[in-house]
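Take a look at the structure below.
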Amino acid sequence: GKILFQGVSILNSLSVYKENILYLGHSNPIKNSLSCLENLSFWAEIEGTEKLVEKGLEFQNLENLKHLPAKFLSEGQRRRLNLSRLAITKRNIWLLDEPTNDLDFETIKWLENFIANYDNTVIVVSHDRHFLDSVCTHISDIDFGKINHFSGNYTFWYESSQLALRQKTQQNKK
């Protein structure tokens, strides 16, 4: 089907923004045969930000693992390597797909603070309600082919949607 935003097909207009969007999710390619440093250097070359590679390693405390081949990283370390791309990207729209999966508490808190201090757009897809409460200022609820926007965090959206559901149920009883 079509995905519309304000009456315009998102898929048709997405190519205009593609160069500005950084997607971080489960399908991001980490080359297992390359070290953390080599993976980050590869991404930096694509971004044109080669000078920021060391910053990217420091960014997620990966300096002590920089020469370790990625195939030896734990899932949490792989996720942190992916997150290090945030330090080297020039893209100003981030799409983070389940960013807290496989992360320890300390890294999640770090990510919450990092996003809170980021001045551009971050779109988060997550089941982590606590994380969403911490980082979201707006919620877009996609339900039955319709998008409803709410200003506020996850808890505000949840309480608002539950109230609307109760009101609709009461209205239907009449």
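The values are calculated or read from the model by the stated rules, or taken from the named source; none is laboratory data. Since this is a predicted model, take the numbers as computed values, not measurements. Heads up, the Cβs are rebuilt from the backbone with ideal geometry, glycines too, and the neighbour counts pull from every protein chain shown. For the accessible areas, the whole protein counts, side chains as well, though only heavy atoms, and no ligand, DNA or RNA atoms are used. Shrake-Rupley method; radii C 1.70, N 1.55, O 1.52, S 1.80 Å.
Structure data summary
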read-out: Pick from the stretch 60-70, criterion aliphatic (A, V, I, L, M) and open to solvent by 10 Å² or more (accessible area, probe 1.4 Å), ranking: modelled with the lowest pLDDT; value: LEU65
read-out: Inter-residue pairs, beta-carbon under 6 Å, first closer than 12 Å to VAL53 by Cβ and free of Cβ contacts under 8 Å to residues at least 24 places away in the same chain and in the stretch 31-43, second open to solvent by less than 50 Å² (accessible area, probe 1.4 Å) and not small (Gly, Ala, Ser), 6+ apart; value: SER41/VAL53
read-out: Residue within the stretch 25-33 that is hydroxyl-bearing (Ser, Thr, Tyr), farther than 30 Å from ASP133 by Cβ, open to solvent by 70 Å² or more (accessible area, probe 1.4 Å) and modelled with pLDDT of 85 or more present; value: yes
read-out: Matching entry among LEU57, LEU73, LEU52 (being open to solvent by less than 90 Å² (accessible area, probe 1.4 Å) and under 20 Å from the mean Cα position of the chain (by Cα)); value: LEU57
read-out: Test: GLU159 is over 15 Å from the mean Cα position of the chain (by Cα), closer than 24 Å to SER41 by Cα and not polar (S, T, N, Q); value: no
read-out: Residue in the stretch 107-122 that is free of Cβ contacts under 8 Å to residues at least 12 places away in the same chain, surrounded by 15 or more Cβ atoms within 10 Å (Cβ to Cβ) and at negative phi present; value: yes
read-out: Subset tally (residues that are more than 23 Å from PRO29 (Cβ to Cβ) and assigned to a loop (DSSP other than H, G, I, E, B)) for the stretch 84-111; value: 1
read-out: Number of the condition not met by PRO99 [criteria: (1) crowded, with 17+ Cβ neighbours inside 10 Å; (2) closer than 19 Å to ASN61 by Cβ; (3) modelled with pLDDT under 90; (4) not aromatic (Phe, Trp, Tyr)]; value: (3)
read-out: Members of the stretch 69-104 that are β-branched (Val, Ile, Thr), in contact with an Asp or Glu (Cβ under 8 Å, 6 or more places away or on another chain) and under 18 Å from VAL124 (Cα atoms); value: THR89, THR100
read-out: Residue check, THR89 within 21 Å of TRP43 (Cα to Cα) and surrounded by fewer than 14 Cβ atoms within 10 Å (Cβ to Cβ); value: no
read-out: Cβ pairs under 9 Å, 6+ apart, first in the stretch 138-158 and over 17 Å from VAL122 (Cβ atoms) and without any contact (Cβ under 8 Å) to a residue 60 or more places away in the chain, second in a strand (DSSP E or B) and of a type in the set (A, V, I, L, M); value: ASP141/ILE147; ASN148/ILE139; ASN148/ILE142; PHE156/ILE139; TYR158/ILE139
read-out: Lone unmet requirement of (1) part of a helix (DSSP H, G or I); (2) within 17 Å of TRP94 (Cα to Cα); (3) open to solvent by 20 Å² or more (accessible area, probe 1.4 Å) for TRP43; value: (3)
read-out: Unique match (being touching a Ser or Thr at 6+ places or on another chain (Cβ under 7 Å) and more than 23 Å from ASN113 (Cβ to Cβ)) among LYS66, LYS51; value: LYS66
read-out: Odd one out for HIS138 among (1) open to solvent by less than 50 Å² (accessible area, probe 1.4 Å); (2) touching a Ser or Thr at 6+ places or on another chain (Cβ under 6 Å); value: (1)
